[in-house]
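The values are calculated or read from the model by the stated rules, or taken from the named source; none is laboratory data. Everything numeric in this text was worked out from a predicted model, so none of it was measured. Neighbour counts run over all protein chains shown; Cβ positions are idealised from the backbone, glycine included.
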Amino acid sequence: MSLSEPALALFRDHIARHGNIRVDDSNRETFRELARAGLMRAANSFTHGSEAVYRVTKLGFERRAELLGGLKEAV
């Protein structure tokens, strides 16, 4: 799987911040890239509409160590 550097950085940030990243027009396409790769999925929010939240998929969870590139995970 080949991901852009911005997508890898966003995935790492998403994991490190436990998903606490606001989705907006500046990062939406990068989240979509992660979704196309099967690592994340879009979810809707009542207050913010469609694609307002992205969640890590089972595949993303399983591959997180590989994608984090040797960074230590917070326990």
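Identify, by number, the condition in (1) in a loop (DSSP other than H, G, I, E, B); (2) modelled with pLDDT under 95; (3) in contact with a Ser or Thr (Cβ under 8 Å, 6 or more places away or on another chain) that Gly38 doesn't meet.
Of the numbered conditions (1) in a loop (DSSP other than H, G, I, E, B); (2) modelled with pLDDT under 95; (3) in contact with a Ser or Thr (Cβ under 8 Å, 6 or more places away or on another chain), the odd one out for Gly38 is (2).
Going through region 1-41 one residue at a time, which ones are touching a residue at least 12 places away in the same chain (Cβ under 8 Å) and farther than 22 Å from Leu68 by Cβ?
Result: Arg28, single match.
Inside region 6-18, can you point out the residues that are surrounded by 13 or more Cβ atoms within 10 Å (Cβ to Cβ) and either part of a loop (DSSP other than H, G, I, E, B) or basic (Lys, Arg) (or both)?
Within region 6-18, just Arg12 meets the criteria.
Identify, by number, the condition in (1) assigned to a loop (DSSP other than H, G, I, E, B); (2) of a type in the set (D, E, K, R); (3) at pLDDT below 90 that Asp24 doesn't meet.
Result: Asp24 passes all but (3).
Tell me which residues, restricted to region 48-75, are of a type in the set (A, V, I, L, M), within 23 Å of Ser26 (Cβ to Cβ) and at pLDDT 90 or above. Break it down stepwise before answering.
Quick first cut of region 48-75, residues of a type in the set (A, V, I, L, M) only: 52-53, 56, 59, 65, 67-68, 71, 74-75.
If we keep only those that are within 23 Å of Ser26 (Cβ to Cβ) as well, we get 52-53, 56, 67-68.
Once the filter is applied, which keeps residues that are of a type in the set (A, V, I, L, M), within 23 Å of Ser26 (Cβ to Cβ) and at pLDDT 90 or above, region 48-75 yields Ala52, Val53, Val56.
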